[in-house]
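Working notes, beginning with the structure itself.
The values are calculated or read from the model by the stated rules, or taken from the named source; none is laboratory data. All figures in this text were calculated on a predicted structure; none of them were measured in a lab. Cβ: placed from backbone, ideal geometry, glycine included. Neighbour counts: every protein chain shown. Side chains are part of the model used for accessible areas, which takes the heavy atoms of the whole protein and leaves out ligands, DNA and RNA. Shrake-Rupley method; radii C 1.70, N 1.55, O 1.52, S 1.80 Å.
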Amino acid sequence: MALLSITHNPKDNPNPKFEEKLNTFSSLLEELKSKNLTVTSENYINSQIKQFNDQDSANPKLHKAICKLQTRILKYLEKELKIVPKGHYQQQWMALGMASFGIAIGAGLGMALGSMAFLGIGLPLGLVIGMAVGSNMDNKAAKEGRQLNFKSGLTW
């Protein structure tokens, strides 16, 4: 079974962002067509695309719907098949590193040096730690063939 494609035409939509979002989603679909997906995964993705295709092409908020569709599909692929886009783990661990390691390191420095002004030093250190961990996980996913040649970036 092949993956469906989007039937909406960017010229029918008044929102200028729609064409950009549609091109991004189309590149994701092309990348997914090159992967060996399970029948269950293809059925899920096709049902999501069919549901999106049933919406009105002239809806000015359609660009948000395509972003949500892309997010749902990427989350499904991560959860079910452990397939992730490029930079996924780095983005995830950057925030985790700042929140978990950075605040702890900054608070420790602040307590040790007697001034909580040093709390801000821990955040960039946590950011670097998180990016390093995430980058290693991205490299591991690429070696195992679980990484899409697609970078999602900001979808909104």
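Quick notes
- Test for ASN15: is it open to solvent by less than 80 Å² (accessible area, probe 1.4 Å), at negative phi, in a loop (DSSP other than H, G, I, E, B) and polar (S, T, N, Q): yes
- Of residues in segment 74-83 being open to solvent by 70 Å² or more (accessible area, probe 1.4 Å) and part of a helix (DSSP H, G or I), the one nearest to GLU30 (Cα to Cα): LYS75
- Residue within segment 84-104 that is touching a Phe, Trp or Tyr at 6+ places or on another chain (Cβ under 7 Å), without any contact (Cβ under 8 Å) to a residue 60 or more places away in the chain and open to solvent by less than 50 Å² (accessible area, probe 1.4 Å) present: no
- One residue from GLY110, GLY120 being of a type in the set (Gly, Ala, Ser), surrounded by fewer than 17 Cβ atoms within 10 Å (Cβ to Cβ) and at pLDDT below 95: GLY120
- Some residue of segment 145-152 being at pLDDT below 95, open to solvent by 70 Å² or more (accessible area, probe 1.4 Å) and over 16 Å from GLU31 (Cα atoms): no
- With respect to (1) farther than 25 Å from SER135 by Cα; (2) among the β-branched types (Val, Ile, Thr); (3) assigned to a helix (DSSP H, G or I), the lone exception for THR7 is condition (3).
- Residues that are surrounded by 17 or more Cβ atoms within 10 Å (Cβ to Cβ) and modelled with pLDDT of 90 or more, drawn from segment 63-73: ILE66, CYS67, LEU69, GLN70, ILE73
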